[in-house]
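Remarks on the structure that follows.
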Amino acid sequence: VLHNLRSSYPSMCYAPTEPQTKQISKSGIQLFPSGRSKLNHHESKTFSLNESTCSSDLQLCRLNNTSLMLLSLIAATCTLKVSQIFAALLNTSVVDLYIHASFSYDAVETHFDNTALTYVTDYMIFLWMLYGCVRLINLGCKFTGKSKRERQLRRLCFTTAGLMLSYSISVLFGGTAHYLCVSWEILNTALFRMLWTVTVGMVTMAGGIIGLIGTEFAHLLSTTSDKRKRYHVIILPRWFWILYGLVLTYVVYDGGMSYKRPVCDIFIAGCTQITPTLYAVLVVLSQKWEENEATMPTLEFGRNFRVEYFIGFFLNAPMLPAYSPLLDSGLALGSINTVLHMGLSIAWGMQYRSIYNFGLHNLTNLNKTA
């Protein structure tokens, strides 16, 4: 904690690794290692400073961490409640879609498609996302890590690869559930609960990873000049978003997002991504972009990146209000799921492509300046 505090707030707390001495004089306060007292013509006195001196500042650090932890829990809880209310308001169908089930299903209100249209398209998205994950990992490995900028870009690539991996795991387990669970009786077994918990849980964890992407971009932009910033953003710690995702994933495991129509579980889990998505988008919006790449040789925010980035993270939002009209139109569930899967593949693909191209362009620029 002291190490993180010293690196983030050097003026708040100083935790030395060896005894230090403070020289206090009329001209001010100066710190010197022990055994290297530096005196001037002013009257001065020295005293030893050890880690106990920072006890009050350490309590402040812990208070800040505790506040952030509470903020993460509150953000997850409030986002979940707002998502449930928002989804219910957008339900224009004559059918009540959001009937809580807690993994207990029946033959009357439960509807779960098991046709090839659903699970085949799930497996296709799995291959598409796995391909994006592998490419992002390969790109991240190309950054040598010699400079801070390269290490930040490498971490961004690996974090986005984790997002693609969570997507791929979700559709893989979801497709398997659609393939194996052919009756409502099977939906009440431990097999379906395990498969569907992973399917929905990976969506909630993906929200936390999206927040991590925002944090990585915030670290990248923290070194840019104030002249190139529209506004300053708070750099939330990485564990903030990990806790956010874990809390919502636990709700999934506990049955708090389980509905008679399991597709609604996915809708609610997807809605909980709104908070980290807004953070990730606002971080990038805080930067003033330069269309001339030569003016920014090591951090290029081209127009193509911005278009794909913003659209990609919001393109899956229209699927929630579109589901009710599609259901009332009389289309089979397999056809509806195919339409939704097409939208997901495009949205997730744009997320992958935008950050991949961003990293690739900046890798090229770094090699030019090397």
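Only one of the numbered conditions (1) part of a loop (DSSP other than H, G, I, E, B); (2) open to solvent by 20 Å² or more (accessible area, probe 1.4 Å); (3) out of contact with any Gly (no Cβ under 9 Å at 6 or more places or on another chain); (4) in contact (Cβ under 8 Å) with a residue 40 or more places away in the chain is not met by V108, and that is (4). Listed by position, the helices (runs of 4 or more DSSP H) contained in the range 229-303 that have at least 3 residues being at pLDDT 85 or above and closer than 27 Å to Q152 by Cβ are 238-253, 274-285.
Taken over the range 207-221, the criterion of being within 17 Å of L248 (Cβ to Cβ) and open to solvent by 10 Å² or more (accessible area, probe 1.4 Å) is satisfied by I209, L212.
From the list P276, P262, which residue is more than 13 Å from the chain's Cα centre (by Cα) and open to solvent by less than 30 Å² (accessible area, probe 1.4 Å)? Before you say what the answer is, go through the steps one by one.
Numbers: P276 fails: more than 13 Å from the chain's Cα centre (by Cα).
Selected residue: P262, the only one of P276, P262 that is more than 13 Å from the chain's Cα centre (by Cα) and open to solvent by less than 30 Å² (accessible area, probe 1.4 Å).
Of all residues in the range 274-288, those that are under 17 Å from T224 (Cβ atoms) have Cβ atoms under 8 Å from Cβ atoms of residues that are among the charged types (D, E, K, R) and part of a helix (DSSP H, G or I), 6 or more apart or on another chain, in V284/R306; Q287/R228; K288/K227; K288/R228.
Scanning the range 113-133 finds no residues that are surrounded by 15 or more Cβ atoms within 10 Å (Cβ to Cβ), outside any helix (DSSP H, G or I), at pLDDT 90 or above and out of contact with any helix residue (DSSP H, G or I) (no Cβ under 8 Å at 6 or more places or on another chain).
The values are calculated or read from the model by the stated rules, or taken from the named source; none is laboratory data. What you see is a predicted model, and the numbers here were worked out from it, not measured in a lab. Glycine gets a Cβ as well: all are built from the backbone with ideal geometry, and neighbour counts include every protein chain shown. Ligands, DNA and RNA are excluded from the accessible area calculation, which covers all protein heavy atoms including side chains. Shrake-Rupley method; radii C 1.70, N 1.55, O 1.52, S 1.80 Å.
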